[in-house]
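Participant: Submitted below is the structure of interest, expressed as structure tokens.
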Amino acid sequence: MLAASLFNHLVRDGTLTIVDPAGKAKTMGSGEPHVTVRLHDRVTEARLIANPKLALGEAYMDGRLTVDGGELYTFLDVCARNAARVENHPFWGLFERMGHALRPLRTFNPSHRARRNVAHHYDLSDTLYDAFLDSDRQYSCAYWTSPEDSLEDAQHKKKRHLAAKLLLDEPGLSVLDIGSGWGGLGLYLARSAGARVTGLTLSEEQIRVSRERARETGLSDRAEFRMRDYRAVEGRFDRIVSVGMFEHVGTRHYPRFFRTVRDQLRDDGVAVIHSIGRMAPPGGTNPWLRKYIFPGGYIPALSEVLSVVERTGLWVTDVEILRLHYAETLRAWRQRFLAARERMAELYDERFCRMWAFYLAACEVSFRHMGQMVFQLQLARRQDAVPLTRDYITDWERARAAMETDHTAAAAE
């Protein structure tokens, strides 16, 4: 059993049983969790040896690797717990070094390629996203302040947290939302703070939904959504926000991105960039994720982001690291997707469902065990653009929460 012999000295935390195509089982590791997987052909076994990071997801998608005892999440959890040994393996480490070397080419995202990459993931069916996202379709890390929070609660708190950092203390401030998604954040800023929002997206589906939502809520005069690349934006803004979009920029385009933030921000303006990051030095993108889920995507290290910011002359006025917040968000998404799996199979097919289940589970374990996190950078052109202490963030959130509670109570009467 070739695959088992390779895994045998790598798995220490948790117990993994591999059943080969001939039905022979090999158990390795110890303790909980315990999971059993079955390989259905020798070709799959060989591919796992040659390129495990790509082949594992493909084998599960195609049904050539199945989880016979336990759940997919448990299997990936065991893999993630032992990932450091895999990365340090002389042969498998080769792929990580190759990925790092090829990163600039693989993340080269000029406007036309960026549009194609966005369409690949974000122009899928509304039914799919409605099945697992919150009612506002926030497709980024939520902000969990209590174990009792629902996904809707945590996503609403994320929007409030970002608004607090944007210092929207007076109505009428202009806000540029780069990567505005389905419009939820922009509409919140327009409604709760009276901001004048310009949202940018490259997704046909997102622009359609955003404009429709603005009309339905009577906010079209304060929230405008454009099908436009950030590199083509014009005008200057009091505030700039970007949530879950920076991961798609590409390392070669970081200087252009932050120059755009600097040039489009007013002298006393404030910007907040919310992005997935890694706690380790720069690396590569998982090949399966790059091929099937986020082509052109890359998770940056803070070191490679801040070095670019420094060269633009922008002040970094605040940095916050959200560690397990995205793991909890992904767990909620995964549970909702699995509950709707039958409908998703009717909408797409079983292979698509296995791909999406693998994506959500793999991303969750990466935030729990593999050094993934989320960072929020607050930037300004002037060092006095924000208060000298962070109290204003908490004060704004508490005041806004109380106001929203009062409005909800009044509406219920």
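Participant: So the check is Cβ under 7 Å with 6+ separation or different chains; which pairs have a first residue in the range 47-59 that's surrounded by fewer than 22 Cβ atoms within 10 Å (Cβ to Cβ) and a second one that's assigned to a loop (DSSP other than H, G, I, E, B)?
Facilitator: 53/286
Participant: Taking the range 234-254 only, how many residues are on the phi < 0 side of the Ramachandran plot and assigned to a loop (DSSP other than H, G, I, E, B)?
Facilitator: Adding up the residues that qualify gives 4.
Participant: Follow-up. Looking at (1) open to solvent by less than 10 Å² (accessible area, probe 1.4 Å); (2) over 21 Å from residue 377 (Cβ atoms), which is the one condition that is false for residue 242?
Facilitator: With respect to (1) open to solvent by less than 10 Å² (accessible area, probe 1.4 Å); (2) over 21 Å from residue 377 (Cβ atoms), residue 242 is out only on (2).
Participant: Looking at the range 12-38, I want the residues that are over 12 Å from residue 82 (Cβ atoms) and aromatic (Phe, Trp, Tyr) and have a partner that is outside any strand (DSSP E or B) and open to solvent by 40 Å² or more (accessible area, probe 1.4 Å) with Cβ atoms under 6 Å, at least 6 apart or on another chain. Which pairs are those?
Facilitator: Here the result reads none, with nothing in the range 12-38 linked to a residue that is outside any strand (DSSP E or B) and open to solvent by 40 Å² or more (accessible area, probe 1.4 Å).
Participant: Now, a different point. Among (1) under 21 Å from the mean Cα position of the chain (by Cα); (2) over 15 Å from residue 141 (Cβ atoms); (3) open to solvent by 10 Å² or more (accessible area, probe 1.4 Å); (4) of a type in the set (Ser, Thr, Tyr), which single condition is residue 260 missing?
Facilitator: (1)
Participant: Next up: Under 9 Å by Cβ, and 6 or more places apart or on different chains, what pairs join a residue from the range 192-215 that is acidic (Asp, Glu) with one that is part of a strand (DSSP E or B) and open to solvent by 10 Å² or more (accessible area, probe 1.4 Å)?
Facilitator: 204/227
Participant: Which residues, taken from the range 33-46, are modelled with pLDDT of 90 or more and open to solvent by 10 Å² or more (accessible area, probe 1.4 Å)?
Facilitator: Within the range 33-46, 33, 34, 36, 38, 40, 41, 42, 43 qualify.
Participant: Do you know which residues across the range 135-154 are surrounded by 22 or more Cβ atoms within 10 Å (Cβ to Cβ) and free of Cβ contacts under 8 Å to residues at least 40 places away in the same chain?
Facilitator: Answer for the range 135-154, where residues must be surrounded by 22 or more Cβ atoms within 10 Å (Cβ to Cβ) and free of Cβ contacts under 8 Å to residues at least 40 places away in the same chain: there is none.
Participant: Are any of the residues in the range 68-84 buried (at least 19 other Cβ atoms within 10 Å of the Cβ), over 23 Å from the mean Cα position of the chain (by Cα), at pLDDT 95 or above and within 25 Å of residue 352 (Cα to Cα)?
Facilitator: Checked the range 68-84: no residue is buried (at least 19 other Cβ atoms within 10 Å of the Cβ), over 23 Å from the mean Cα position of the chain (by Cα), at pLDDT 95 or above and within 25 Å of residue 352 (Cα to Cα).
Participant: Select the strands (runs of 3 or more DSSP E) contained entirely in the range 165-233, then report the ones holding at least 3 residues which are at pLDDT 95 or above, open to solvent by less than 20 Å² (accessible area, probe 1.4 Å) and closer than 25 Å to residue 377 by Cα.
Facilitator: Per the criteria, 174-178, 196-201.
Participant: Could you go through the range 316-323 and let me know if any residue there is within 16 Å of residue 71 (Cβ to Cβ), out of contact with any His (no Cβ under 7 Å at 6 or more places or on another chain) and without any contact (Cβ under 8 Å) to a residue 60 or more places away in the chain.
Facilitator: No, the range 316-323 contains no residue that is within 16 Å of residue 71 (Cβ to Cβ), out of contact with any His (no Cβ under 7 Å at 6 or more places or on another chain) and without any contact (Cβ under 8 Å) to a residue 60 or more places away in the chain.
Participant: Follow-up. Can you find even one residue in the range 376-399 that is assigned to a helix (DSSP H, G or I), modelled with pLDDT under 95, open to solvent by less than 70 Å² (accessible area, probe 1.4 Å) and aliphatic (A, V, I, L, M)?
Facilitator: There is at least one residue in the range 376-399 that is assigned to a helix (DSSP H, G or I), modelled with pLDDT under 95, open to solvent by less than 70 Å² (accessible area, probe 1.4 Å) and aliphatic (A, V, I, L, M).
Participant: So residue 301 clears everything in (1) in contact (Cβ under 8 Å) with a residue 40 or more places away in the chain; (2) closer than 30 Å to residue 52 by Cα; (3) of a type in the set (Gly, Ala, Ser) except one condition, right? Which one?
Facilitator: With respect to (1) in contact (Cβ under 8 Å) with a residue 40 or more places away in the chain; (2) closer than 30 Å to residue 52 by Cα; (3) of a type in the set (Gly, Ala, Ser), residue 301 is out only on (1).
The values are calculated or read from the model by the stated rules, or taken from the named source; none is laboratory data. What you see is a predicted model; the values in this text were computed from it and never measured. Methodologically, a virtual Cβ is constructed for each residue, glycine included, from the backbone with ideal geometry; neighbour enumeration extends over all protein chains shown. Just so you know, the surface numbers come from the protein's heavy atoms only, side chains and all, with ligands and any DNA or RNA stripped out. Shrake-Rupley method; radii C 1.70, N 1.55, O 1.52, S 1.80 Å.
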